[in-house]
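Report on the structure given below.
The values are calculated or read from the model by the stated rules, or taken from the named source; none is laboratory data. Since this is a predicted model, take the numbers as computed values, not measurements. Note: ideal-geometry Cβ built from the backbone for every residue, glycine included; neighbour counts use all protein chains shown. The protein model used for the area step is the full one, side chains on, heavy atoms only, and it has no ligands, DNA or RNA in it. Shrake-Rupley method; radii C 1.70, N 1.55, O 1.52, S 1.80 Å.
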Amino acid sequence: MQTIKQRSWKTRLEAKEKRIANMKGIAHNRIIPTNKIVESLETLIMPGDRVVLEGNNQKQASFLSEALAQADPRKLYDLHMIMSSISRPEHLDLFESGIAKKVDFSYSGPQSLRIAQMLEDGKLTIGEIHTYVELYGRLFIDLIPSVALVAADKADAEGNLYTGPNTEETPTLVEAAAFRDGIVIAQVNELVDKLPRVDIPGSWIDFVVVADKPYQLEPLFTRDPRHITDIQVLQAMMIIRGIYEKHQVKSLNHGVGYNTAAVELLLPTYGESLGLKGKICKHWALNPHPTLIPAIESGWVESIHCFGGEVGMEKYVAARRDVFFTGRDGSMRSNRTLCQLAGQYAVDLFVGSSLQIDAAGNSSTVTRGRLAGFGGAPNMGHDPGGRRHSSQAWLDMMTNDDPLVRGRKLVVQVVETFQKGNKPIFVENLDAVNVKHDAGLAVAPVMIYGQDVTHIVTEEGIAYLYKASSLEERRQAIAAIAGVTPIGLEHDVKKTDKLRREGLIALPEDLGIKRTEAKRSLLAAKNIEELVEWSDGLYEPPAKFRSW
């Protein structure tokens, strides 16, 4: 009988233990001295490792990313970086120096021009451009990280972490590494004897380092009402009257934009005049937008689950426990992964915007020379086939009597027909088609596919695309509200009148809205100072938003 050599089933653990053993003399227990972080990263990370680096569109493990960029490329090279958001200069410096070679990511807004140029110059290779949930999911399947670099507010001597209002994606990144014998390093703002609450247990954490300054946190979801235009007020009125009221939308997600900020600020005024309080906009998957304060204070909002926090909203959120998810310590508990899933499956409607929309309703924020990615929009901006629970809004999307017919999530794109620089939003072909070729991607980086879009709103009106019985009818409905863009110039006035009669499009007057009444005076708050007043002084806006 042939003897089978016994196999070790602990190779990953053994490799981890060897790396940790090499930290003897550098770290004290699990605490890495601040000035030893570069040496520690060179010791714990091996060439070719998959390294997941926390950096979503708000919260950045900035101390760790800066330290990694200072590593010696002769010791660390060919890393495969996994990042939700490529947001900071050193994220790409890693590739310039040769420390990193390949990247899988979701969003690269602030670095979108540079990453496009570096890709063209052969400085990096891209695995895929993901949605947030897709990237998080792959961390547990085929992109399991060797090392996770994350950020938290506080830690204690046992390595327990307090993440505060901005928990965001930290638990997901940590779990993917910790339970497959990867190494987890957390930067914290301070070490304390007792935490306000334990957000991530110390048994998941290998090393903690106190950063030389607090991690970077951007107020990306703050929109100053001063910049909301009359056109955006008009669009908001159409959304409230022609979509939210029409379909009885109670649970929703808003994208980040002045047009959706206008919706939030019109609920206590225009929405109140329509008698809609308690009937629409009750449950939200949303960061704590300051422009939602008047709606909260006037009793419109019952619950909000957040992807992350928002700078300046901490005291307000803690004081409104009936609305937000908060811990015993009073601070908010956000969770980007769970909120993305809530936005995908639990809400009835998503409203977002785009840089380009084609004649079939496909949209993308990836344009020529700008590789921005998508973030979470595709998670929320599609109809999840796995949904089984019903709601009035979901059922309202049924358009036939088939005994197996199902409802649909409402996916709304709200855009002005032209963006800055007189560039048309509506185009015959998305730039994403060319980017696919230029970047060597397997598929065109489309953000939201036209088949998932149920409504498009412009300053011209609303296209009810879910009612279209053919691709041609869909194209006609889009053209009818596309203004004087190349797509809009294709519309036929006679066909447009027919579409209005059949309810495939609605102009403001069809909704009982007078364009002359769409004024900023309808906003519940017209500047940041008034938002502070609405909050009873609890909202503390960052200095750059203060005009008083």
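Below, the figures for the structure above:
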read-out: Test for LEU220: is it surrounded by fewer than 24 Cβ atoms within 10 Å (Cβ to Cβ), assigned to a loop (DSSP other than H, G, I, E, B), at pLDDT below 95 and among the aliphatic types (A, V, I, L, M); value: yes
read-out: Some residue of the range 429-451 being under 22 Å from the mean Cα position of the chain (by Cα), within 22 Å of ALA261 (Cβ to Cβ) and not in a loop (DSSP other than H, G, I, E, B); value: yes
read-out: Out of ILE513, ILE456, ILE481, sole residue that is under 18 Å from ALA262 (Cα atoms), crowded, with 21+ Cβ neighbours inside 10 Å and among the hydrophobic types (A, V, I, L, M, F, W, C); value: ILE456
read-out: Members of the range 187-205 found to be touching a helix residue (DSSP H, G or I) at 6+ places or on another chain (Cβ under 8 Å) and either of a type in the set (A, V, I, L, M, F, W, C) or at pLDDT below 95 (or both), listed by number; value: ILE200, TRP204, ILE205
read-out: Matching residues, the range 237-261, being assigned to a helix (DSSP H, G or I), within 24 Å of ASN527 (Cβ to Cβ) and open to solvent by 10 Å² or more (accessible area, probe 1.4 Å); value: TYR258, ASN259
read-out: Count of residues meeting criterion [closer than 20 Å to THR260 by Cα, assigned to a loop (DSSP other than H, G, I, E, B) and among the β-branched types (Val, Ile, Thr)] in the range 378-415; value: 1
read-out: Check on PRO486, in contact (Cβ under 8 Å) with a residue 60 or more places away in the chain, open to solvent by less than 10 Å² (accessible area, probe 1.4 Å), more than 21 Å from ILE243 (Cβ to Cβ) and in a loop (DSSP other than H, G, I, E, B); value: no
read-out: Long-range neighbours under 8 Å by Cβ, at least six apart or interchain, first residue free of Cβ contacts under 8 Å to residues at least 24 places away in the same chain and farther than 22 Å from GLU272 by Cβ within the range 299-320, second open to solvent by less than 30 Å² (accessible area, probe 1.4 Å) and in a loop (DSSP other than H, G, I, E, B); value: ALA318/GLY330; ALA318/SER331
read-out: Single residue of the range 170-208 satisfying the filter (touching a Phe, Trp or Tyr at 6+ places or on another chain (Cβ under 7 Å) and in contact (Cβ under 8 Å) with a residue 40 or more places away in the chain) that is nearest to SER84 (Cα to Cα); value: THR172
read-out: Test: residue in the range 33-56 that is more than 24 Å from ASP212 (Cβ to Cβ), of a type in the set (Lys, Arg) and in contact with a strand residue (DSSP E or B) (Cβ under 8 Å, 6 or more places away or on another chain); value: yes
read-out: Among (1) surrounded by fewer than 16 Cβ atoms within 10 Å (Cβ to Cβ); (2) over 23 Å from the mean Cα position of the chain (by Cα); (3) within 30 Å of ALA479 (Cα to Cα) - the single one ARG368 does not satisfy; value: (2)
read-out: Filtered residues of the range 159-201 (kept if of a type in the set (A, V, I, L, M, F, W, C), under 22 Å from ILE37 (Cα atoms) and either within 22 Å of the chain's Cα centre (by Cα) or surrounded by 18 or more Cβ atoms within 10 Å (Cβ to Cβ) (or both)); value: LEU161, LEU173, VAL174, ALA177, ALA178, ILE183, VAL184, ILE185, ALA186, VAL188, ILE200
read-out: Residue list for the range 21-31, filter: open to solvent by 60 Å² or more (accessible area, probe 1.4 Å) and among the hydrophobic types (A, V, I, L, M, F, W, C); value: ALA21
read-out: Search result, residues across the range 382-398 that are among the polar types (S, T, N, Q) and open to solvent by less than 30 Å² (accessible area, probe 1.4 Å); value: SER391
read-out: Condition broken by GLN476, with the remaining ones in (1) in contact (Cβ under 8 Å) with a residue 60 or more places away in the chain; (2) crowded, with 21+ Cβ neighbours inside 10 Å satisfied; value: (1)
read-out: From the options ALA444, ALA468, ALA482, residue that is on the phi < 0 side of the Ramachandran plot and modelled with pLDDT under 95; value: ALA444
read-out: Qualifying residue in the range 489-507 (condition: among the aliphatic types (A, V, I, L, M) and at pLDDT below 95); value: yes
read-out: Qualifying residue in the range 491-506 (condition: of a type in the set (Asp, Glu) and in contact (Cβ under 8 Å) with a residue 40 or more places away in the chain); value: no
read-out: Lone qualifier among GLU530, GLU540 - being surrounded by fewer than 22 Cβ atoms within 10 Å (Cβ to Cβ), part of a helix (DSSP H, G or I) and charged (D, E, K, R); value: GLU530
read-out: Residues satisfying the stated conditions in the range 425-451, i.e. surrounded by 18 or more Cβ atoms within 10 Å (Cβ to Cβ) and not aliphatic (A, V, I, L, M); value: PHE426, ASP431, PRO445, GLY450
read-out: Residues being open to solvent by less than 20 Å² (accessible area, probe 1.4 Å), of a type in the set (A, V, I, L, M, F, W, C) and out of contact with any helix residue (DSSP H, G or I) (no Cβ under 6 Å at 6 or more places or on another chain) - total across the range 324-358; value: 4
read-out: Set GLY182, GLY122, GLY159, GLY109: member being in contact with a Gly (Cβ under 9 Å, 6 or more places away or on another chain) and over 25 Å from MET380 (Cβ atoms); value: GLY159
